[in-house]
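The values are calculated or read from the model by the stated rules, or taken from the named source; none is laboratory data. Keep in mind the model is a prediction, meaning the values are calculated, not measured. No Cβ is skipped: glycine too gets one built from the backbone with ideal geometry, and neighbour counts run over all protein chains shown.
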Amino acid sequence: MPVPATPSPEECAALLHSRGLRVTAGRVATIIHVRAHPHSSASEVHTALAGDLPSLSVQSVHNIVQDLSECGILRRVELPDSGGARYEVERLDNHHHVQCVVCHRIEDVECAEGRAPCLTPSDTHGMRIIEASLTFRGICRDCDAEPSPA
Ligand SMILES: [Zn+2]
Ligand SMILES: [Zn+2]
């Protein structure tokens, strides 16, 4: 069951139920926030939710994103210039990322082949390849326009 673009609390609760997870306000709010703000870090999620859920600790948010990733509701992405894990809603679309090496902004890139793995390694070392996880690194237009610090 894919996560809708703007999931309601009821839809999040149904999703949690379907994965055998208990429905909590923190989990529901995390799914809604990450759906609207893909590639958020746990601390960004915590900052965003702290107003509505003041009792939610940073550690609980870390536990929540971990649980939601383990059950396949979120996908954990590790990008070279992000300094830590980021989370997005799992769309099972094998998409990749492009990241600006200057401001670290992240955008989604469609899968190159339309299905996983979209690259075949020159040597699989005997492994059955299930996916290729690519990060394209670049410089975004805004950063390219900045005069370089001399
Ligand atoms: Zn940039
Ligand atoms: Zn993404």
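Data table
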quantity	calculated
Residue that is nearest to ligand 1 (Cβ to nearest atom) [pool: residues in segment 77-115 that are of a type outside the set (A, V, I, L, M, F, W, C) and closer than 20 Å to HIS46 by Cβ]	HIS104
Unmet requirement for ILE139, which otherwise passes all of (1) at pLDDT below 95; (2) more than 30 Å from ALA13 (Cβ to Cβ)	(1)
Which numbered condition SER40 misses (of (1) within 15 Å of ligand 2 (Cβ to nearest atom); (2) small (Gly, Ala, Ser); (3) surrounded by fewer than 16 Cβ atoms within 10 Å (Cβ to Cβ))	(3)
